[in-house]
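Enquirer: There's a structure below that I have some questions on.
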Amino acid sequence: MKYALFLGCTIPVRSLNYELSARRVAEALGIEFFDINGFECCGYPVKTLDQHTALLLAARNLCLAEERGLNICALCSACTGTLAEANRELRENPKLRSRVNNDLNATLGKSYRGTVEVKHFARVLFQDVGLEKIRERVHTDLSSLQLAAHYGCHYLKPSHIYDHIEDPEQPHTLDDLIEVTGAKSLVFEGRNRCCGGGVLAVDEAVALAMSREKLDRVVAAQAEAIVLICPFCDIMYEYSQRKIEKTFNTRYGLPVLYLPQLLGLAMGISPDDLAFRLNRIKTKDLLDKVTPPEET
Amino acid sequence: MIKISELDHDFKHEIAREPGGEHIKRCFSCGTCTAGCPVREVTDRYNPRKIIRMALLGMRKEVLSSDFIWLCSACYTCYERCPQDVRITDLMTAIKNIAVREGHTPPPFTTQIDLLKEHGRLYEIGEFENQKRVDLGLPEIKENAEEIQTLLSTTGIEKRVASRK
């Protein structure tokens, strides 16, 4: 299991806890990550302005992975969606492909061939590693935790770019990956709803209102933390949580964990190695609950 | 009030010719998109059914210069549920791409293009950021903005978003 690790723009600067914990967990589970210097923006932010430019940016990244003969594993759901969609369109539409290749060739001397796959890290864990193998590695009992899975949008949708592998109305893989640790993944209203991150740049008030709605429901379900797999969702629920509290005159103090932080904890990796100290909403109570005092 | 003489009857065809907009004429205005839209739930400024209706009627100017087309969060909920396979998220992208060509780019996106030009990515990775990474045992990352610049100027997007704001 060797993958080119695609970090995107946000993670290597703002979500180092996600990156570090993902690398630690991957290592422990036998997933080998290869870092390609040269990966840049996936194309997502440009699509809304000009689809052809976005395709070129995506195809450029795909070419870099192709040159090394490696499939891509992305940590960010928006990167996963953008690269997977470009990969599919370029594979299935010869006209589009030759237009993109003409431009790539003329400018960078590159050519897209369609020889690699793109997968989200959570999908790699679920599909390639599998729940059984992860379960074998679980050392710490997390059964005292009640958690809220947040799937986000681009991990699942549009479902055709992922060969309809999971029903976006009834997803289960993130719940399964949470419950393999012994923790309980709660069912609550509106759990599949968007975090609002997609409109943050355009209209902050709308984005915050969308996140608030979800936070209200998560707290009502008595979850002790949100578990997520996308840095945009984290910007909404964790970075923006204070702002949401102020704007709507409320108080959550709700920890937000990245999935590999939770998995790593269950696998006995130290909270330090999972960069829990970088979580902006303090996770001390949560960690005290599951980790013997001498190890924290 | 809508004046028929001011409508652009070609607008729906123009959208249908744009990648992502091909299925616009399939819409029968059932409202499934709006009913399940998470943006609509918090603001009535965004209403996908209404936007599609306006586009089909030919309200070109109103749609392209509006700020509401930019409120789609691209969550794909309506895309998955639409009984007519209108592919609304892609349709909104098509409409926004046309709006950009007409000079209607919201300022935050112009900033994003500037960042991509300068760093190849939305967040700069300089010495400071790399030091933080190295301290955590993470590999350094070297920005590779040149190739991104080349692509952005090849398609002309940088000029398009900078002009006529």
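Enquirer: Find which of A:Gln51, A:Cys63, A:Gly268 sits farthest along the positive direction of the dipole of chain A, computed with +1 on the beta-carbon of Lys and Arg, -1 on that of Asp and Glu, about the Cα centre.
Expert: Checking the options against the dipole of chain A, the answer is A:Gln51.
Enquirer: What is the Rg over Rh value, at two decimals, for chain B, using alpha-carbon atoms and the Kirkwood definition of Rh? Working shown, then result.
Expert: Values: Rg = 19.5 Å, Rh = 18.0 Å.
Reported Rg/Rh (Cα atoms, Kirkwood Rh): 1.08.
Enquirer: Would you kindly calculate the translational diffusion coefficient of the stretch A:200-244, applying Stokes-Einstein with the Kirkwood radius from alpha carbon pairs, for 4 °C and a viscosity of 1.567 mPa s, and quote it in µm² s⁻¹ without decimals? Write out the running numbers ahead of the final one.
Expert: On the way: Rh = 10.9 Å.
Reported coefficient: 119 µm²/s.
Enquirer: Take the Cβ-Cβ distance between A:Glu27 and A:Gln222 as r, set R0 to 30 Å, and report the resulting FRET efficiency rounded to the nearest 0.05.
Expert: 0.30
Enquirer: While we're here: Can you list the HN-Hα couplings for the stretch B:84-89, worked out from phi with the Karplus curve (6.51, -1.76, 1.60; θ = phi - 60°), rounded to whole Hz and with x for Gly and Pro?
Expert: 9, 6, 6, 6, 4, 4
Enquirer: Something else now. Compare the Cα positions of B:Tyr123, A:Ser159, A:Val202 along the charge dipole of the protein assembly as shown (+1 at Cβ of Lys, Arg; -1 at Cβ of Asp, Glu; about the Cα centre) and return the one farthest towards the positive end.
Expert: About the Cα centre, the residue reaching furthest to the positive side is A:Val202.
Enquirer: Just how large is the dipole of the stretch B:107-162 about the Cα centre, in debye to the nearest 20, putting +1 at every Lys and Arg Cβ and -1 at every Asp and Glu Cβ? Please report the intermediate quantities before stating the final value.
Expert: Details: 7 positive and 11 negative charges, 52 e Å.
Roughly 240 debye for the stretch B:107-162.
Enquirer: About its Cα centre, what dipole magnitude does chain A give when the only charges are +1 on Lys and Arg Cβ and -1 on Asp and Glu Cβ, stated in debye to the nearest 20?
Expert: Using only the charged Cβ atoms, the result is roughly 640 debye.
Enquirer: While we're here: Kirkwood-based Rg over Rh for the stretch A:133-295 (C-alpha set), two decimals? The partial results should precede the final answer.
Expert: Numbers: Rg = 15.7 Å, Rh = 16.3 Å.
Computed over Cα atoms, the ratio is 0.96.
Enquirer: Please report, in whole Å, how far the alpha carbons of the stretch A:110-180 spread along each principal axis, starting with the longest.
Expert: So the three principal-axis extents are 50, 27, 18 Å.
Enquirer: To continue, here is another question. Tell me the Kirkwood hydrodynamic radius of chain A in angstroms, computed as one over the mean inverse distance between distinct C-alpha pairs. Present the calculation step by step, with values, prior to reporting the outcome.
Expert: On the way: mean 1/r = 0.0508 Å⁻¹.
Radius from the Kirkwood sum: 19.7 Å.
Enquirer: Counting other Cβ atoms within 10 Å of each Cβ, which trypsin sites (Lys or Arg not before Pro) in the stretch A:32-69 have at most 15 and sit in a DSSP loop? Write out the running numbers ahead of the final one.
Expert: Numbers: sites: A:Lys47, A:Arg60, A:Arg68; in loops: A:Arg68.
Qualifying residues, ordered by number: A:Arg68.
Enquirer: Give me the compactness ratio for the stretch A:2-120, meaning the Cα radius of gyration over 2.2 N^0.38 Å. Mind dumping the intermediate values first?
Expert: Working: Rg = 14.1 Å, N = 119, 2.2 N^0.38 = 13.5 Å.
So the stretch A:2-120 has a normalised radius of gyration of 1.04.
Enquirer: I've got another one for you. Count charges around A:Glu213 for me, please; just the other residues with Cβ under 13 Å from its Cβ, Lys/Arg as +1, Asp/Glu as -1.
Expert: Numbers: positive: A:Arg191, A:Arg193, A:Arg212, A:Lys214, A:Arg217, B:Arg40; negative: A:Glu189, A:Asp216, B:Glu41.
Around A:Glu213, the charge tally is +3.
Enquirer: So, one more: Out of every Cα pair in the stretch B:113-164, what percent are spaced more than 12 Å from each other? Display every interim value, and only then the final one.
Expert: Working: 871 of 1326 pairs.
When all Cα pairs of the stretch B:113-164 are counted, 66 percent exceed 12 Å.
Enquirer: State log₁₀ I(q)/I(0) for the stretch A:90-143 at q = 0.17, 0.18, 0.26 Å⁻¹ as given by the Debye formula over alpha-carbon point scatterers of equal weight, solvent excluded.
Expert: Listed by q, the Debye log ratios stand at -0.67, -0.71, -0.98.
Enquirer: Along each of its three principal axes, how wide is the spread of alpha-carbon positions in the stretch B:4-101, in whole angstrom units, largest first?
Expert: 33, 25, 24
Enquirer: Hey, got the Cα dimensions of the stretch B:1-48 along the principal axes, in Å, largest first?
Expert: The Cα atoms of the stretch B:1-48 stretch 33, 30, 17 Å along the principal axes, largest first.
Enquirer: What distance in nm separates the two pseudo spin-label positions at B:Gln149 and B:Ser65, each 7 Å out from Cα along the beta-carbon direction?
Expert: Placing both labels 7 Å along Cα→Cβ, they lie 3.6 nm apart.
Enquirer: Pairing rule first: another cysteine's C-beta must sit under 4.7 Å. Under that rule, which cysteines of chain B stay single?
Expert: Here B:Cys27, B:Cys30, B:Cys37, B:Cys72, B:Cys82 come out as lacking a disulfide-compatible partner, given the Cβ-Cβ threshold of under 4.7 Å.
Read the figures in this text as sums done on the coordinates, not as results from a lab. Everything quoted here is computed from the prediction, not taken from an experiment. Methodologically, a virtual Cβ is constructed for each residue, glycine included, from the backbone with ideal geometry; neighbour enumeration extends over all protein chains shown.
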